[in-house]
Amino acid sequence: MEKKYEKTKIQWLWENMKGYRGKYLIGLGGTVAYNILQLTVPFITSLIVDMFLTGENAAENLATRRGVFFGLVIAMVLITLLRTGIVYGTCILFEQVSQSVLYRIRNYLFRKVQRQDMRFYDTYRTGDLMTRLTGDLDAVRHMIAWVVRTILESLALVSATMVYFFIMDWRLALSMLVIAPMIFVVIILFKRRVGPRHKALREKMANLNTAAQENISGNRVVKAFAREDYEIHKFHECNEAYARMNEKTSLTWLRYFPYMETFANLMPVVLMAVGGVFLIRHEITMGEYAAFSGLVWAVANPMRNLGSIMNEFQRFSAASDKIMEIYYSEPTIVDAANPVDMGERLRGKVEFRNVSFRYEGEDRNVLDGISFVANPGETIAIMGETGCGKSSLIQMIPRFYDPVEGAVLVDDVDVRRMRLYQLRHNIGLATQDVLLYSDTIDGNIAFGDGNLTPEEVKQFARYSAADEFISKMPDGYDTIVGERGVGLSGGQKQRISLARALAIRPSILILDDTTSAVDMETEKLIQESLRNLDFPCTKIIIAQRISTTKRADRILVMENGRITESGTHEELIAKRGYYYNVVQLQTGEEV
């Protein structure tokens, strides 16, 4: 369903031209000027023909008024040079404005995407967003630089020419305009057919980009399962669908082009037939006929170009719909109207009060009636089978999502009343699925705090037991990490991710199975470091290993979105429930 916005597409473009509107208006004025100047050469030509070639006193004028003749010829040359200069200048202005607007909109869109909430990323595919930031924006630039200019150029040229024609002979001018309604009928039919196809073509492009992006990001999985041929075939299908739609869209215009070309080419025929009769009857002069003949293209060409203009406008329309959807989108998770100022550092108390949550579009709760308290400095471990809601629970704390019932409180304040920056700046998050940037190891660890000194970076790497393997690398902390951490083992990436989470000295540290890929000895070193941090920190840890959970101040066991067990290691063993069974499975001993 097409979304409606307060501003039209043209108003939206004008809004983004702020600061460049003067240049654009000068460019539009120049476009009108040089198209009006198009009339001067045929006008001068008609004077030369009547005065020096076919008029009654042509021979006498040529002999006695040669200065006028050469003056008219020089005027034609000078006006042509002036017109060329204006065209060159306006093209530069249009290109400067279009590139500046493109730069502004792209930056704005990227900022908008950055500040969206998790529901936004759950809805939009990466490839689709990339298409909006690239190909769709190029259609917008083309609209500013070419389509608007061409429309104005055509209107100015046709209007000025027809006024000139009516001044010379209104009957001949009117006879040429008889063809115009037929051309407009063809254009309307073309618009109705090509508009939906441009929208479909844009969707095919988004699917193609998505297929490429997912395949490149998941190339290791593809190779691990030897699915190259399958992925090549899948991409081929997307590419073929795009090519077919592209071809169908292009052929749409070709089906209407012969009619446009035929009607446009009828104008010289009308001129020859009607104008010839008027000339034989001496109702127009040869100079006037020459002027009509020299300017018939000024009416025929713009009408011939209407198809291309409409085609590009429909392309812009389809692209701008997608861009404006993001441009005017607003995140649902934002700062409250009057947020509570929590200061620079939080104490770290976390409380869940009867929290229930479901993802948008789902009819079943992922979390149901969750309640617990983590006091400042405590370590809370969360355990449960896959899909029980552990990861969803921890995403409530930094407000990636808001609960549908109940409340999440930090330092006794509902997180919905806190400033997002203050809340999230005090939370260190490390997940099992690690994303490292194409940067140095130092840059990845210091991602959350760009003011860290090299020694501080090393200190946090020691906390996560990463300093030893980093120091052995040829370039140490200056080693460039490949995209998503290519070149590092899973355990190494997890340790760098943990160092990055610790580097902001968070009041609340959230670890989602962060040590699952490290060996037992390294995990022991990490656990020891986490117990002896040089700053106060509440730790909420999702883990499956008993070696990680048994030293926690409290362990929560989750099943089907509910907390079914809560207590210390010893207390849960005594209950002989889920936790007791996990301990038996992992240790292989009767407890």
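The values are calculated or read from the model by the stated rules, or taken from the named source; none is laboratory data. No experiment lies behind these values; they were computed from the predicted model shown. Because the Cβ atoms are built from the backbone with ideal geometry, glycine has one as well, and the counts that use them run over all protein chains shown. Side chains included, ligands, DNA and RNA excluded: accessible areas come from the protein's heavy atoms. Shrake-Rupley method; radii C 1.70, N 1.55, O 1.52, S 1.80 Å.
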- Note on the structure: Computed ³J(HN,Hα) along segment 59-74: with the Karplus parameters 6.51/-1.76/1.60, θ = phi - 60°, integer Hz and x for glycine or proline, the list is 5, 5, 4, 5, 7, 9, 10, 5, x, 5, 4, 5, x, 5, 5, 5
- Task: Would you mind checking which residues have amide H under 5 Å from THR564's amide H? H placed 1.01 Å from N; only 5 or more apart, or other chain.
- Result: VAL557, MET558, GLU559
- Which Rg and Dmax, in Å, describe the Cα atoms of segment 440-484? 9.9, 25
- For the pair ILE10 and ARG255, what calculated FRET efficiency results from E = 1/(1 + (r/R0)^6), where r is the Cβ-Cβ distance and R0 = 30 Å, to the nearest 0.05? 0.60
- Item | Rg to Rh, two decimals, where segment 116-263 supplies the alpha carbon set and Rh follows Kirkwood | 1.19
- Item | Residue-count net charge about PHE225 - beta-carbon cut-off 15 Å; Lys, Arg +1, Asp, Glu -1 | 0
- Query: Taking a probe of 1.4 Å, how large is the accessible area per residue of segment 388-541, in Å²?
  - Reply: 42
- Item | Surface per residue (accessible, 1.4 Å probe) for segment 73-182, Å² | 49
- Query: How about segment 1-70: which GluC sites (Glu not before Pro) there are in a DSSP loop, with at most 11 other Cβ atoms within 10 Å of their Cβ?
  - Reply: GLU2, GLU6, GLU56
- What is the distance in Å between the Cα centres of segment 427-479 and segment 207-240? 32
- So the pair-distance distribution of segment 53-144, from every Cα-Cα distance in 5 Å bins, comes to percents of 2, 11, 12, 11, 8, 7, 7, 5, 5, 5, 5, 5, 4, 4, 3, 2, 1, 0
- Message: Explain nothing, just the number: dipole magnitude of the chain about its Cα centre with +1 on each Lys and Arg Cβ and -1 on each Asp and Glu Cβ, in debye rounded to the nearest 20.
- Response: 1640
- Taking the convex hull of the alpha-carbon atoms of segment 381-537 and averaging its shadow over every direction gives an area in square nanometres of 10.0
- Task: Quick one: grab Rg to one decimal and Dmax as a whole number for segment 1-106, Cα atoms only, in Å.
- Result: 22.5, 75
- Query: What list of whole percents do you get for P(r) of segment 202-265, with Cα-Cα distances grouped in 5 Å bins up to the one holding the largest distance?
  - Reply: 4, 17, 18, 15, 11, 9, 8, 6, 5, 4, 3, 1, 0
- For segment 7-85 and segment 251-285, what is the separation of their Cα centres, given in Å? 24
- Note on the structure: Length gained, TYR121-VAL68, 0.36 nm per residue minus C-alpha separation, equals 11.8 nm
- Item | Principal axis dimensions, largest first and in whole angstrom, of the chain by Cα | 124, 53, 47
- Query: What percentage of the solvent-accessible surface of the chain, computed with a 1.4 Å probe over protein heavy atoms, is contributed by carbon and sulfur atoms?
  - Reply: 56
- Message: Please list log₁₀ I(q)/I(0) at q = 0.18, 0.21 Å⁻¹ for segment 315-436, using the Debye equation with identical point scatterers on the alpha-carbon positions.
- Response: -1.05, -1.29
- Query: Among the listed pairs LYS9/LYS234; LYS9/LYS204; LYS7/LYS234, which are separated by more than 28 Å between their Cα atoms?
  - Reply: LYS9/LYS234; LYS7/LYS234
- Item | For segment 493-583: relative contact order, % (alpha-carbon pairs under 8 angstrom, 6 or more apart) | 21
- Query: For the chain, what is the calculated [θ] at 222 nm in deg cm²/dmol (nearest 500), taking -39500 (n - 2.57) for each run of four or more DSSP H residues and dividing by its residue count?
  - Reply: -19000 deg cm²/dmol
- Query: What ranking, highest mean first, results for peptides 400-409, 375-384 when packing means the other Cβ atoms within 10 Å averaged over each residue?
  - Reply: 375-384, 400-409
- Excluding ligands, DNA and RNA, what is the solvent-accessible area per residue of segment 257-346 at a probe of 1.4 Å, expressed in Å²? 46
- Message: Pairwise over distinct Cα atoms, reciprocal of the mean inverse distance: report the Kirkwood radius of segment 143-221 in Å, one decimal place.
- Response: 16.9
- Query: How far apart, in nm, are two points set 7 Å out from the Cα along the Cα-to-Cβ line at GLU468 and at ARG281?
  - Reply: 10.6
